[in-house]
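The values are calculated or read from the model by the stated rules, or taken from the named source; none is laboratory data. Here the structure is a predicted model, which is why all the values come from computation and not from measurement. Backbone-built Cβ (ideal geometry, glycine too); neighbour counts: all protein chains shown. Accessible surface is based on the protein model in full, side chains and every heavy atom, while ligands, DNA and RNA are left aside. Shrake-Rupley method; radii C 1.70, N 1.55, O 1.52, S 1.80 Å.
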Amino acid sequence: MILGAMESHFDLPPSAWVQRWASSIRPGGAVLDVAAGSGRHARLLARLGFEVDAVDRDKSLFSDPPPNVVLLEADLEAGPWPYAGRRFDGIVVTNYLHRPLLPVLVASLERGGLLVYETFARGNERFGKPSNPAFLLAPGELLEAVSGKLHVIAYEDLTVEQPRPAAVQRLAARRE
C-alpha cells in the first residue's frame, strides 16, 4: 500500500458499521479493537463508555489514547495471541484479514459478546488496494467462519461508495 493511501486510511472517521452495532455491546463492557491503527474505533468505543483494549503491530500510529483504552503492540500474525484466556463483550475488526485469527476471535467472546467485523471482499481489486486475493474474503467466507459458533444478527456482502468505493463483507454476530 502506498504511504498516501495509508495516511488517508488513518484519517477516516469510525466505520458506520461499527457505529451501528456498538450500542449492541453490553454497556460498559470490555471491548477489543483488533488492528487498531490510529485508534478511530477504540476512541469511539471509549467515548461510549467501554473499557477498550486496542492492539496493533505498530502502536506509534495511535497517539494519546484515552484513559479507558489500553494500547498493546503485538504482531498478531507472527506472535502468540496476546489475550490468551481473556474474554471480551465485544470485538471490533475493520480493514484487516488474517484468516487463522478468525477462530481465535470467536473463542475470545464472552457469552452474549458481539463480533463486529468489516473488511474487503473479492471484487475489491477493481477499486484498487487491497487487490491480492489473500487479503480479500471469498463470497460467504465471513459467514462460514462463524457458522455454528455465533448467532449472525446482520451480514452484508456489497459494494460501498463511502468512505471510498470498495467491495466489503460486514458481520455482526453474537455468542449465545
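Residue-by-condition table, conditions (1) polar (S, T, N, Q); (2) in contact with a helix residue (DSSP H, G or I) (Cβ under 6 Å, 6 or more places away or on another chain); (3) touching a residue at least 24 places away in the same chain (Cβ under 8 Å):
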residue: TRP21; (1), (2), (3): no, no, yes
residue: VAL31; (1), (2), (3): no, yes, yes
residue: GLY39; (1), (2), (3): no, no, yes
residue: PHE62; (1), (2), (3): no, no, yes
residue: ALA74; (1), (2), (3): no, no, no
residue: PRO80; (1), (2), (3): no, no, no
residue: ASP89; (1), (2), (3): no, no, yes
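Just one residue in the set ALA172, ALA78, ALA145 is touching a strand residue (DSSP E or B) at 6+ places or on another chain (Cβ under 7 Å) and more than 17 Å from GLY37 (Cα to Cα); that residue is ALA172. Residue by residue through region 129-147, note down the ones that are assigned to a loop (DSSP other than H, G, I, E, B) and exposed (fewer than 14 other Cβ atoms within 10 Å of the Cβ). Hits for region 129-147 are SER131, ASN132, ALA138, PRO139, GLY140, SER147. Taking the listed residues ALA54, ALA46, the one that is surrounded by 20 or more Cβ atoms within 10 Å (Cβ to Cβ) and within 14 Å of the chain's Cα centre (by Cα) is ALA54, with no other qualifying. Candidates in region 148-166 are the residues that are assigned to a strand (DSSP E or B) and acidic (Asp, Glu); of these, the one that is least open to solvent (accessible area, probe 1.4 Å) is GLU156.
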